[in-house]
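Quick notes on the structure that follows.
The values are calculated or read from the model by the stated rules, or taken from the named source; none is laboratory data. Just so it is clear, the model here is predicted, and its values are computed rather than measured. FYI the Cβ positions are ideal-geometry reconstructions off the backbone, even for glycines, and counts take in every protein chain you see. Accessible surface areas use protein heavy atoms only, side chains included; no ligands, DNA or RNA. Shrake-Rupley method; radii C 1.70, N 1.55, O 1.52, S 1.80 Å.
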Amino acid sequence: MALFVLALGAGLPTGCVSVDGVPERPVATPPAGAVVASPFSPAGIRVLPLTHFERTDEHGTRVLLFFELIDQWGDTVKGAGSLEVRVSPLDGSAGGVAAGGASGPSVWEIDLADLARNASLYDPSTRAYRLALRELPAWLRSVAQGGGPASSAAVEVYFRTVGADGRDTVLRDRFELPGPS
């Protein structure tokens with residue numbers, strides 16, 4: 001992941017900004033696709049309870065994942081980085097993860113450093129990212145239909161980004177996705 005800390009006078013390309021008659025001053029411009037450290041960089045991630053299974057004629061069964069990024073003050077923010085989503089079956093015993101093999105975790109990787117893709121996945125009405133996880137493995141489709149050995153699934157999200165201090169950081173959260181009631 002490219003690390004870029006915004007700094008004036010560091011040989012970066014600059015542009016000029018004029019706002020409400022205030023004199024123009026040079027502003028450092030990060031390279032395209034750079035993940036920039038900022039005091040408003042994400043400091044936390046939370047999978048929202050809006051996350052659910054959805055069955056449609058067009059897409060079949062999929063998981064709609066909603067998550068928010070939170071800055072150091074607890075406010076919702078957008079952030080650039082890479083997202084890894086792992087979905088694992090839960091057996092019926094105290095939330096334990098079932099054995100691997102064919103029913104092991106499924107992984108989706110999403111590049112949120114691509115700013116156009118990042119913006120397209122952000123839902124302003126919920127102030128959260130909304131992703132449709134498709135091509136579900138058979139075990140996860142059976143959870144969505146209420147059959148099979150697992151009655152729910154664990155959704156774990158890992159967001160790799162640059163923190164407010166300019167260091168690489170990994171934010172994570174876990175959510176239990178129940179099958180139909």
Mind giving me the FRET efficiency for ARG117 and THR76? R0 is 22 Å, r the Cβ-Cβ distance, nearest 0.05 is fine. 0.70
Note down the accessible area of PHE40, probe 1.4 Å, to the nearest 10 Å². 120
Once you put a point 7 Å from the Cα of LEU50 and another 7 Å from the Cα of GLN145, both along the Cβ direction, what distance in nm separates them? 2.9
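Lys and Arg at +1, Asp and Glu at -1: add these up for the other residues within a Cβ distance under 9 Å of SER82 and post the number.
Overall, the nearby charge balance is -2.
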